[in-house]
Every structure is written in structure tokens, then in C-alpha cells.
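Here, each number is a calculation from the coordinates, and none is a lab measurement. This one's a predicted model, so the numbers in the text were calculated from it and none came from an experiment. Using ideal geometry, Cβ is built from the backbone for each residue, glycine included, and neighbour counts are taken over all protein chains shown.
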Amino acid sequence: MCTFWNYRLYILVLLIGVAAGGCRSGDAMEEGYFCYNESTGIASLDPAFAKNQSIMWAVHQLYNTLVEVDSNLQISPSLAKAWEISEDGKTYTFFLRQDVKFHDDPCFTDAVGRKMVAKDVVFSLQRIMDPSTASSGAWIFNDRVLAKEGFVALNDSILQIKLIAPFPPILGILSMQYCSVVPMEALELYGRDFRSHPVGTGPFQLVALEEGQALLLKKNPGYFERDENGERLPYINGIKISFNDSKATEFLLFRQSKLHFINDIDASFKDEVLTKKGALRSDWQGKIQLNKHPYLNIEYLGILVDTASALVQSSPLRLRAIRQALNYGFDRKKMMLYLRNSIGIAAESGFVPAGLPSFDSVRVKGYQYNPARAKLLLEQAGFKEGKGIPEIKLLTVPIYSELASYMVREWQELGIPVKVEVVQKSLLLEQTAQSQALFFRGSWIADYPDAENYLSVFYSKNPAPPNYTRYQNPAFDKLYEAALLETNDRLRFDLYQRMDRMILQDAPIVPLWYDEVIHLVQPFVRNFKPNALNLLELRRVRFN
């Protein structure tokens, strides 16, 4: 009993330390814990609700999926060591590892984690589809996997997934955190409290969670993965996550070496740390590491193009020439340099962002700054020098108001009268979902690493989300449906690029930039590598 209470006291002290300011200066390497701050908090540790980055990062430490995405955005083995695809592309057979166990937890006999088997995968994937779960990821298998016999355990080590029709991106979907494998015993014991009592197979396991204060994870000593030298992963002893909601406090803690890294840089600190070209300023060089990497996210402006809408019928944006003029009418590269410190790549190709295997800036040429071309388009639309164009309202959120104002100034110089209206994010999401926003700021982060995920935003049979612009083009739909049936990557990528060019021509969007991950990392942290999905990968991290 004395040992138990001493352990509880140790955990309490650790959590207090995390809540007060991450890892104490000087003890990070001694304890071997990786420390970071999550300013938005973590709403749940249940993978069925892994709908945002903060949850996904934590879930990625606690659980595994059948397959995962490697640093080159290729699908690689995880719980499944291999898989086969039937000739018709509708049956996927997965061969599972036999050395995977769940974390030790009171939900199991004698509190000892048992072996993970195919029935656990079936349970986990069916749970996502079960309406009673109310998972935010319930959509991922809709109209893709057979409703009743879509997931079948042939035995403990072989699993089959049966599709309604061929869908090559299914492997990418199975890599999503929603598809993490959980044991039914944990759900039976904890019920809805499973959100704060996670049990998985991942490299780390729960020690303690103090809601609104901190989360502490420790190394899973029986984790199945090993490195190329046979050493068991992960290397570090655990993870400490604080929940300070102030980005200023977070930055201060990082400067004091109480956090190992920070994700992105608040706008108020960008100029202090980075040059306009996105490099570290001289007084920071050697003191911290700067990691930058393409991130599968596009920032854009959306334009409602539903011709049945009275809002569209009375707007100059109903004219394709006006929409194209907006695309030609501002300098994306200049905007990135002066307002983004070169974090991101000017979106001068299509809607599909840089980083995806199908991205090709040669085959998909987008809009570059061309004011002469913009003026000609205005004249062709009957508004020479912009005369007679009714005022256009651009809806954006507070953090993008400066960027919106920059674009508006450039458009106004061409004679296009655009006015910025700043609204809260929740209101903007509501208005775009209900087709009440004519011209609006948007972004699309990849759910899985395939361009289909981006092009689905314009498929006319999709509601909003994802089709916020209500784009409808039968020729586009035909190509999209053909791509879903195409199993040859080269041919499918060609279809993707044709669709992307079609979107550019019709211009229901104004691409702004393809995003980049930016991390500030302490100099003694090694093997901390960003990836295009911006998952927090800590299995191979070491400290000097």
C-alpha cells in the first residue's frame, strides 16, 4: 500500500510540474520525457473522436492502425504486416502481426494486457460505423464498405475488408486515427469514460490525465516495434503534455527550455524568430532547430456557385470571368513573403497541394499575378476598369484579417470593390454549410494522403461539407467517378490532374497557399522529423 501511494504522489508531483510549466529546466533529459504544450486542450483520448490535431496527436501515441503513412506518404505496415488486394479491387485481406499486446489495464484479467487479434480490428472498425458511438469519423466508410459483412475475421491473424466498389484510397483511410484498434473489454468497463481511460497497443500508455491541466504518458515496455538494430521502440521514457491556453506563455516556456518543441509560431512572434524568407534570424541560430516541411493543407477562398441560389444570381461572382480576375488580381508570392514569413508555398498550381504523389505543377498550371489579364477579364465581363461592379463581401476569421485586407487592396486597385467582414469561425462554418456565404475563407487538410480527398470537395453529389461552393459540373463528376474505379496509379493521377485543371478553369475557388509544417525544436532533440500529415511522431526521438 505504501508503494502505491508513493507512486500516486510521484505522479501528482509530475502533473503539477507539467501544469506549472512543462518540464523543469535541466530535468528533461534526466527524466527522458518529451514535453509539449497543447493550448487547445485535448477533448478526448478515444480515437473514434479524433477529429482535430490535438486529439490525433495524443491518439497516435496510444494506439496503432492496420497500416500507417511513412515520411514519403507511402502506405506502410503497422498492425498488419502484409496485405493482398483481389483482382476486382473489392476485397482486401490483411495478415496481422502476432506479437502485439494491449496495454496492461484493469479491464483485462489480472490487469495484464492480452494479445491483439483480428476480432479486435473488426470491433474497432464496426464501432466507428455504429450510430450509437456517434463517432465524428462515421463518414469514412459510407458507401465504401459493405454494411453488414464489410469486416470479417477469418481467424485470429487474418482480416478481410469487403468494399461495395473499388476504392484505391481505402488504405489511406485505414491509416487515419479513427481506425485505431481498441479492445472491447475497455469499452465494456469504462463506457463513455473511455475518453479518459484509453487502452491501446501504441508506443505509450496512460499514466494520468488531469482535465484542463496536464496529460502524462509513459513508455509501453512491451511495444512491438524495433529499430534496424533490434532496439525496442520508443527510446524516450514518456510524454508530458501541458494545457496552457496562452501562446505567449507557450513561447516563453520554450525559450526557457521547459518545452521540447512548439508547433507553428504565433503571428506576434514570427518576425522575432524568422526572416521574411522563412529562415532563423541570426540571434536564434545555433540555439534552436527550425523544421519546415510541406503540409497537406491548402488555404483558399471559396465562392458559392450554385446557380439556383438567389444570393449567386444577384452577385457579379456568378460570372466566371470575374472569378478568374480575382485569381489573377493579387500577388501570392509577395503575400507569402511579407505576411507569412515565407511559411508555405504560393498556390500557383491547382487545389491539390504540393506534397501529394499526384501533384504536378507542370501539368496543372494555376494562376499567377497578372493584373493586365485581370483587367481584360473585367472588360470582357462588361465591367471595364471595374465600373459598375456591385460591392463584394469577403467573409474571413480574425487571424486572417490582415491577409484578406492585403488581397482587397490589390483588387481595389484593379477596380474590383471587395469589402472584408470578419466573423467568428463557428459562424463562418455555419454560413458556409448552409450556403449563406457567397465569398469566404476556407482551408482543407487531408484526411488521408490521396488527391481524391481534395477533389471530393467539388463532387456535385457531396453536400457541404465538403462541397461548400456547391460546384456542379457533369464532366468533372464523370472523371471523379472514373478515378474511383482506376487501380493504376499513373492513370488515376492523370484523371486527378484533369479534374484539377477543370476546377481552375471554372474558378469556384481562389487558391492562396499550400501550407508548411513549422516546428521550433530544442537543439538537444534528435530524430524529430515532421511529416506532410503533421502527425506528432515520437517513437524514434532521442535526447543528446
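Shape summary: the chain maps onto an equivalent ellipsoid whose semi-axes, from the alpha-carbon gyration tensor, are 42, 30, 20 Å in decreasing order. With θ taken as phi - 60° and the Karplus curve 6.51 cos²θ - 1.76 cosθ + 1.60 applied, the whole-hertz 3J(HN,Hα) list for region 107-121 is 5, 9, 4, 6, 6, 9, x, 9, 5, 7, 10, 4, 4, 5, 5 Hz, x standing for glycine and proline. Working note: Karplus 6.51/-1.76/1.60 with θ = phi - 60° gives region 187-193 the couplings 5, 5, 7, 9, x, 5, 6 Hz, where Gly and Pro are set to x.
Here the peptides 118-126, 396-404 are ranked by packing, the mean other Cβ count within 10 Å, and the order with the highest first is 118-126, 396-404. Looking only at the chain, where both bridge partners belong to it, what percent of the DSSP beta bridges are antiparallel (to the nearest 5)? Here the share of antiparallel DSSP bridges comes out near 85 percent. Peptides 448-457, 332-341, 526-535, 229-238 ranked from most to least packed, by the mean per-residue count of other Cβ atoms within 10 Å: 448-457, 526-535, 332-341, 229-238.
Working from label points 7 Å from Cα in the Cα-to-Cβ sense, the Glu402 to Ala482 distance is 4.6 nm. The separation of region 257-272 from region 185-235, counted between C-alpha centres, amounts to 27 Å. Fraction of C-alpha pairs exceeding 17 angstrom in region 307-367: 58 percent, rounded to a whole number.
Computed over region 387-544, relative contact order equals 14 percent, with contacts defined as Cα pairs under 8 Å that lie 6+ residues apart. Does region 338-454 come out rounded, prolate or oblate, given a ≥ b ≥ c as the square roots of the eigenvalues of its C-alpha gyration tensor, rounded meaning a/c under 1.5 and, failing that, prolate meaning a/b above b/c? The shape class here is oblate. Using θ = phi - 60° in the Karplus curve 6.51 cos²θ - 1.76 cosθ + 1.60, the 3J(HN,Hα) couplings for region 530-542 round to x, 9, 5, 8, 6, 7, 7, 9, 10, 4, 10, 5, 10 Hz; x is entered for Gly and Pro. Here Arg97, Arg490 are placed in order of increasing Cβ neighbour count within 10 Å, fewest first, which gives Arg490, Arg97.
The label-point distance for Arg232 and Thr275, in a model that sets each label 7 Å from Cα toward Cβ, rounds to 4.7 nm. Estimated from helices alone, the mean residue ellipticity of the chain at 222 nm is -8500 deg cm²/dmol (sum of -39500 (n - 2.57) over DSSP H runs with n ≥ 4, per residue). Taken over the Cα atoms of region 64-192, the convex hull encloses 115 Å³ per residue.
Using the Cβ-Cβ distance between Leu491 and Asp245 with R0 = 35 Å, the FRET efficiency computed as 1/(1 + (r/R0)^6) comes to roughly 0.10. To the nearest Å, what is the center-to-center distance of region 38-117 and region 137-155, using C-alpha atoms only? Region 38-117 and region 137-155 have Cα centres spaced 16 Å from each other.
Listed highest first by mean packing, meaning other Cβ atoms within 10 Å per residue, what order do 272-285, 371-384, 52-65 come in? Kindly include the intermediate steps, with their values, before the conclusion.
Details: 272-285: 13.6, 371-384: 17.6, 52-65: 22.7.
Ranked from most to least packed, the peptides come out as 52-65, 371-384, 272-285.
Cross-link partners of Lys148 among lysines, defined as those whose alpha carbon lies under 18 angstrom from its own and excluding same-chain residues fewer than eight positions apart: Lys90, Lys119, Lys162.
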